[in-house]
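Working notes, beginning with the structure itself.
What follows is calculated from the coordinates using simple rules that are stated; it is not laboratory data. Because the structure is a prediction, the values reported are computed rather than measured. Note that each Cβ is placed from the backbone with ideal geometry, even for glycine, and that neighbours are counted across all protein chains shown.
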Amino acid sequence: MLIFYVLTFICQFLYINYNFDKKNPNVIKTNYKYKLKNDDVVHSATVYHTNRNVKKLVFFLSGAYSLEYHYYINKAMADLDVEYTSLMSNYELICYEKTDKTSFDIYDDIHNYILHLNGKLGNIEELILIGFSAGGVIASHVMQRCKDLNCKKKIITYDTPWQVHENVDFFKNNLIYRFDIIFFWKVYNVYFNHFNYDEIKHNLLNKKWNSGSDEITQLIKSVHNCSFESFYNMTGFNFDQTENTEVYNIYSKYDPFIIREISDRFITSNQDKIKFGVNNIEKNTIGHCSDMAFSTDYLTDIVKIILRF
């Protein structure tokens, strides 16, 4: 059955990437330059947004190892605006893209941009972060940094492994299905194009074609000069949220890349830290951020969540 799930995902992936050509005509692409606190480096990010100047924000955060305007985000933003035009006219749809920095090192960057919008718009009223795959973990760390913002807050995780390291690590003992090898090369390529490549390039020398989860861990720890505990924390959902933050976990039942038992165990082991509401929505679908390929039915749960304020 696993082979069938993977083949289904590949068909969905190819369709959305190469046959789905719907673009949201309301989305514009802008360049955002900024400096972080106590940092003299001038960073640059690409922001795709609807430019409506409203105080209700919906952020889309991609998975993998850098934030990108992925195929599923393009489709989600287009579908929402077409299928729910009236509702979405009240929301600013935003995708933050920065490919020269890792997803797990970008929390402060996105928080900086949210603060920028908060000042520009005159206090945000609603902040909804939708994180696809590992983007759900990113959303939790960003929202934790927004605890002082006096607005309504929601996190929607979509096919998210709530502990990314443990999920990837699961695959290293497989004989054939080594998803961790694929992920290693994604991580490696992000660092190869990192904004401070000259400073970290000595960490990229010892690689093998079959490098996997163990090598990923060592590479990230070396580049960021951090302990395993810090690495583990930054690759896991951040439970330090305000009590009124609502969290919704949407996932496909037959996801070939997410080991649901690992996420469930991680949540159970941190139950004492959870002071906010968590709602699980399991869909009887196949795919990984790809069940949206051939219809807009996937929007039903997202829209219901957006309306629950």
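With the helix formula -39500 (n - 2.57) applied to DSSP H stretches of n ≥ 4, the chain reaches a computed 222 nm mean residue ellipticity of -11500 deg cm²/dmol. Considering only the Cα atoms of the range 1-57, their convex hull presents on average a projected area of 7.8 nm².
Provide the packing ranking of 162-173, 201-212, 184-195, 133-144, i.e. peptides ordered by the mean count of other C-beta atoms within 10 Å per residue, highest first.
On the way: 162-173: 20.3, 201-212: 12.7, 184-195: 17.1, 133-144: 26.2.
In decreasing order of mean packing, 162-173, 201-212, 184-195, 133-144 become 133-144, 162-173, 184-195, 201-212.
For the range 268-309, state which trypsin sites (Lys or Arg not before Pro) are in a DSSP loop and have at most 14 other beta carbons lying within 10 Å of their beta carbon.
Working: sites: LYS273, LYS275, LYS283, LYS304, ARG308; in loops: LYS275, ARG308.
Passing sites in the range 268-309 are LYS275, ARG308.
Starting from 0.36 nm per residue, how many nanometres of slack lie between ASP214 and ILE28 once their C-alpha separation is accounted for? Intermediate values should be presented prior to the final figure.
Details: separation 186, 0.36 × 186 = 66.96 nm, distance 4.02 nm.
Gain on stretching ASP214 to ILE28: 62.9 nm.
Inter-part distance, the range 163-200 to the range 235-282, computed on C-alpha centroids, equals 22 Å.
The residue among VAL54, PHE170, TYR254 whose Cα reaches farthest toward the positive pole of the charge dipole of the chain, with charges on the beta-carbon of Lys, Arg, Asp and Glu, is VAL54. One quarter of the convex hull surface built on the alpha carbon atoms of the range 166-228 amounts to 4.3 nm², the projected area averaged over directions. Each residue of the range 53-58 is assigned a 3J(HN,Hα), and the resulting list reads 6, 10, 9, 10, 10, 10 Hz, derived from the Karplus form 6.51 cos²θ - 1.76 cosθ + 1.60 (θ = phi - 60°), x at Gly and Pro.
The orientation-averaged projected area of the convex hull spanned by the Cα atoms of the range 261-309 comes to 4.7 nm².
Altogether, the Stokes-Einstein calculation at 4 °C and 1.567 mPa s, with the Kirkwood radius of the range 162-309 over Cα pairs as Rh, returns a diffusion coefficient of 73 µm²/s.
Let me make sure I get this right: for the chain, a, b and c are the square roots of the gyration tensor eigenvalues over alpha carbons, sorted descending. Under 1.5 in a/c it's rounded, otherwise prolate if a/b > b/c, else oblate. Which is it? Could you put the intermediate results ahead of the total?
Values: a/c = 1.38, a/b = 1.15, b/c = 1.20.
Rounded is the answer for the chain, as its axis ratio a/c remains below 1.5.
How large is the Kirkwood hydrodynamic radius of the range 133-204, in angstrom, based on all distinct alpha carbon pairs?
Numbers: mean 1/r = 0.0675 Å⁻¹.
One decimal place: 14.8 Å for the Kirkwood radius.
For the pair the range 1-22 / the range 98-116, the C-alpha centres are spaced 29 Å from each other. Karplus-derived 3J(HN,Hα) values for the range 61-67, using 6.51 cos²θ - 1.76 cosθ + 1.60 with θ = phi - 60°, are 10, 7, x, 6, 10, 8, 7 Hz; glycine and proline are entered as x. Taking a ≥ b ≥ c as the square roots of the eigenvalues of the alpha-carbon gyration tensor, the range 15-168 is classed rounded because a/c is under 1.5. Rounded to the nearest whole angstrom, the semi-axes of the ellipsoid equivalent to the range 219-283, taken from the Cα gyration tensor as √(5λ), stand at 24, 18, 10, largest first. Its relative contact order, with pairs defined as Cα atoms under 8 Å and 6+ residues apart, puts the chain at 20 percent.
On alpha carbon coordinates alone, what is the Rg over Rh value for the range 1-106, Rh being the Kirkwood radius? Intermediate results must be reported in sequence, preceding the final value.
Numbers: Rg = 16.2 Å, Rh = 15.6 Å.
The Rg/Rh ratio comes out at 1.04.
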